[in-house]
Amino acid sequence: MSNKVIANLAVNARDALPHGGRLVIETANDRANGSDSLSHVRITVSDSGAGISAEDREKVFEALYTTKPEGEGTGLGLAVARRLVDDAGGHVEIESPDGLGASFHVYLPVAGQKAAPHNETSPSHLGAGRRVVVVEDEPAVRKLVVRMLTANGFQAIEADQETALGHYSASDTPDLLVTDVVMPEVSGRTLVERVRKVCPGARVLYMSGYTDEVISRRGILDVDDSLLEKPFSAEELLNAVRQVLEEE
């Protein structure tokens, strides 16, 4: 786990040094105040880049959020690192003085200690075994959405435009279809139309990098369709899923 965290943080630091610079990885044992007992293992990944603004520091761990030019970053690396650390009962802190680079401090519980319970962004077991089919042409994004849902009790099923329809039949309707709007070959709306020919009552949550205003203005979706705008956090995803599932 720690290797994946370090790798993601190191790649992020490397990208902050397009013209070269310093990347430092440090480890240390942190002790509780006034005690000889170890409290955490600390891993620090630092770079000498331009730093991270206060506004971006509040968002860098959100899934799909990136400050890189289009096509140069998925916005998943830091989100994955944060989730791995959270799952281990640790936490991450960012230090980035203006223009003086950035340091990511990862605090992990000492081996053998009981990890702190992971706090989900929404009540645990929200899914309660409900089945959700996730359709997204970008594999990394699809896997992240599946992971977010699975962590909250859903039975999340990865699918592409071609295989999604196979999960629906007149006698078997998953609880929810989560699909990207703009995809190659078959659009999200076309996929939903095909699904609803088989299961008219199928519930759907669209997701897209386009805003709701753009989607509606171009007539891509109907005004009553539920749309989750990218990038989104786990909390925003779960809230959107809950709203669709609770609709009459």
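Every number in this text was worked out from the coordinates using simple rules, so none of it is lab data. What you see is a predicted model; the values in this text were computed from it and never measured. A quick note on method: Cβ atoms are made from the backbone with ideal geometry, for glycine too, and the neighbour counts reach across all protein chains shown.
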- Item | Residues of the stretch 41-61 with amide N under 20 Å of a point placed 7 Å along Cα→Cβ from Arg147 | 43-45, 58-61
- Item | Rounded FRET efficiency, nearest 0.05, which uses the C-beta distance separating Thr163 from Asp30 and R0 of 35 Å | 0.15
- Query: Where does each of Glu158, Glu26 land when they are ranked from fewest to most other beta-carbon atoms within 10 angstrom?
  - Reply: Glu26, Glu158
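Rank-order 4-12, 222-230 by packing density, defined as the average count of other C-beta atoms within 10 Å over each peptide's residues, highest first. Can you show the working numbers first?
Working: 4-12: 18.4, 222-230: 14.9.
Final packing ranking: 4-12, 222-230.
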- Item | Ranking of Thr44, Thr163 by count of other Cβ atoms within 10 Å, fewest first | Thr163, Thr44
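Between Ser171 and Arg131, what length comes free when the chain is fully extended (0.36 nm per residue of separation minus the Cα-Cα distance, one decimal in nm)?
Working: separation 40, 0.36 × 40 = 14.40 nm, distance 1.45 nm.
That works out to 13.0 nm of additional length.
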- The residues Phe232, Phe154, sorted from fewest to most surrounding Cβ atoms within 10 Å, come out as Phe232, Phe154
- Task: Express as a percent, rounded to the nearest 5, the fraction of DSSP beta bridges in the stretch 155-247 (both residues included) that run antiparallel.
- Result: 10
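Taking 0.36 nm per intervening residue step and subtracting the Cα-Cα distance, what contour gain separates Asn239 from Ala140 on full extension?
Details: separation 99, 0.36 × 99 = 35.64 nm, distance 2.14 nm.
Going from the current span to full extension adds 33.5 nm.
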- Note on the structure: Gyration tensor on Cα atoms of the stretch 131-246, a ≥ b ≥ c root eigenvalues, a/c under 1.5 rounded, else prolate if a/b beats b/c, else oblate, says rounded
